[in-house]
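Chemist: The structure follows.
The values are calculated or read from the model by the stated rules, or taken from the named source; none is laboratory data. Only a predicted model underlies this, so the values are computations on that prediction, with no experimental measurement involved. For neighbour counting, all protein chains shown are included, and Cβ atoms are generated from backbone atoms with ideal geometry for every residue, glycine included.
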Amino acid sequence: MLSVCFWGVRGSIPCPGRATVEFGGNTSCLEIRAGERFIIVDLGTGAKPLGDSIMRRKCKDVDIFITHTHWDHIMGFPMFTPLFVPGTNVCIRGPVSYNDDTLASIIGDQLSYRYWPVRQSELASHIEFKELKETIVDMGGGLTVTTKYLNHPILCLGYRFEYQGKSIVTAFDHEPFRNLFPTNPEDPNYNEAAAEEGEAAAAEENEKIQQFFSGADILIHDAQYTATEFFGRHLGWGHSSFEFAIDSASRAGVKKLILYHHDPNRTDEQLETLEKKHQSENSANPDFSIIMAREGLTVEA
């Protein structure tokens, strides 16, 4: 069995409070379960309750895949309980995403006295960092992980988990590729050849993303904005709209789309309204379901 369990579903910043109880206020963290094994994706603040759960299960080997190192995706690291338990082996994989810094230094530097009272050298577990590019990782036991670069202000990876003929794909944080060259001939910076090349390059990269999603049993996709919000003032911020995520998943033949990385200002009432709206608009397509991510939700591929 391949499934996903959500421990944190928000983007940008934690947002606890009465208005976010139903969907949850923790930042990005989820657990992929393949048979008896599990893999963690991202260490946002949802990593705290997940880490406590791992300790209750008495697990000694923990595999983590980081999509990128923006703070909302790694800020749960200092409170991840398995790090403090002797005999625990923690492997953290992810992209190298900022100049000459290593994955270990970017994540581990949170554990310095200027930020936190416990230093990385004081942790009791054995921690290994492995830097990733586009590749296929064989996790053994029939579980593979394929990585794909996404479109975000720093290097960011999507992951495709495949196990016993089932697949779960993650795509957060991601913005559709677009032509960055002027396309209006009246623009003083317009260059016809550059404009055509930009259009072709953006189309090619968007097609690669579609292929990465193709036929997935579950796609967990960034949907921080509505289309109006996205085109209004969020172009270039590295996120997607609900409408884009739904269109991409539908065209890729995805079976279940889980909308993820909720805007911290989005209330439970607003998310529920958006979920019902998009489910209603999709009601004529029984082979494609749309779900809004909630903390505690488990979905089987």
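Chemist: Quickly run through the range 254-301 and pick out the residues that are without any contact (Cβ under 8 Å) to a residue 40 or more places away in the chain and assigned to a strand (DSSP E or B).
Modeler: Answer for the range 254-301, where residues must be without any contact (Cβ under 8 Å) to a residue 40 or more places away in the chain and assigned to a strand (DSSP E or B): Leu257, Leu259, Ser289, Ile291.
Chemist: While we're here: Of a type outside the set (D, E, K, R) and either touching a Cys at 6+ places or on another chain (Cβ under 8 Å) or closer than 28 Å to Thr273 by Cβ (or both), is that true of Leu111?
Modeler: Answer is no for this residue.
Chemist: Now for a separate question. What's the number of the only condition in (1) surrounded by 13 or more Cβ atoms within 10 Å (Cβ to Cβ); (2) part of a loop (DSSP other than H, G, I, E, B) that Met139 fails to meet?
Modeler: Of the numbered conditions (1) surrounded by 13 or more Cβ atoms within 10 Å (Cβ to Cβ); (2) part of a loop (DSSP other than H, G, I, E, B), the odd one out for Met139 is (2).
Chemist: Here's a follow-up. For the condition more than 24 Å from His70 (Cβ to Cβ) and buried (at least 20 other Cβ atoms within 10 Å of the Cβ), what is the one hit in Ser167, Ser121? Steps first, please.
Modeler: On the way: Ser121 fails: buried (at least 20 other Cβ atoms within 10 Å of the Cβ).
It is Ser167.
Chemist: Given the conditions (1) closer than 23 Å to Ile13 by Cα; (2) modelled with pLDDT of 90 or more; (3) surrounded by 14 or more Cβ atoms within 10 Å (Cβ to Cβ), which single one is not true for Trp71?
Modeler: Single failed check for Trp71: (3).
Chemist: Is it true that some residue in the range 155-162 is touching a helix residue (DSSP H, G or I) at 6+ places or on another chain (Cβ under 7 Å) and closer than 20 Å to Ala245 by Cα?
Modeler: Scanning the range 155-162, I find at least one residue that is touching a helix residue (DSSP H, G or I) at 6+ places or on another chain (Cβ under 7 Å) and closer than 20 Å to Ala245 by Cα, so the answer is yes.
Chemist: Also: Give the residues of the range 197-216 that are assigned to a loop (DSSP other than H, G, I, E, B) and surrounded by fewer than 20 Cβ atoms within 10 Å (Cβ to Cβ), sorted by residue number. Before you say what the answer is, go through the steps one by one.
Modeler: Keep residues of the range 197-216 that are assigned to a loop (DSSP other than H, G, I, E, B), which gives 214-216.
Across the range 197-216, the qualifying residues are Ser214, Gly215.
Chemist: Further question: Consider Thr81 carefully, then state whether it is hydroxyl-bearing (Ser, Thr, Tyr), buried (at least 18 other Cβ atoms within 10 Å of the Cβ), without any contact (Cβ under 8 Å) to a residue 40 or more places away in the chain and touching a strand residue (DSSP E or B) at 6+ places or on another chain (Cβ under 9 Å).
Modeler: Here the answer is no, as Thr81 does not meet what is asked.
Chemist: Since Thr69 meets every condition but one in (1) out of contact with any Gly (no Cβ under 8 Å at 6 or more places or on another chain); (2) farther than 19 Å from Gly296 by Cα, which condition does it not meet?
Modeler: (1)
Chemist: Another question, then. Can you pull out every residue in the range 55-95 that is more than 30 Å from Trp237 (Cβ to Cβ) and part of a helix (DSSP H, G or I)?
Modeler: Met55, Arg56, Thr81, Pro82, Leu83, Phe84
Chemist: Taking the range 96-126, which residues are part of a loop (DSSP other than H, G, I, E, B), at pLDDT below 85 and not acidic (Asp, Glu)?
Modeler: Val96, Ser97, Tyr98, Asn99, listed by residue number.
Chemist: Phe129 versus (1) under 19 Å from Val41 (Cβ atoms); (2) modelled with pLDDT under 90: which is the lone unmet condition?
Modeler: Here Phe129 meets the rest and fails (2).
Chemist: Assess whether Arg57 counts as being among the basic types (Lys, Arg) and touching a residue at least 40 places away in the same chain (Cβ under 8 Å). Talk me through it step by step, then tell me what you get.
Modeler: Numbers: among the basic types (Lys, Arg): yes; touching a residue at least 40 places away in the same chain (Cβ under 8 Å): no.
Answer is no for this residue.
Chemist: Pull up the range 265-289, narrow it to residues that are of a type in the set (Ser, Thr, Tyr) and over 23 Å from Ala216 (Cα atoms), then point me to the one that is surrounded by the fewest Cβ atoms within 10 Å (Cβ to Cβ). So that I can check it myself, show each step before the final result.
Modeler: From the range 265-289, those of a type in the set (Ser, Thr, Tyr) are 267, 273, 280, 283, 289; that's our starting set.
Within this subset, residues satisfying the condition of being over 23 Å from Ala216 (Cα atoms) are 267, 273.
Working: Thr267: 18, Thr273: 11.
Of everything passing the filter in the range 265-289, Thr273 is surrounded by the fewest Cβ atoms within 10 Å (Cβ to Cβ).
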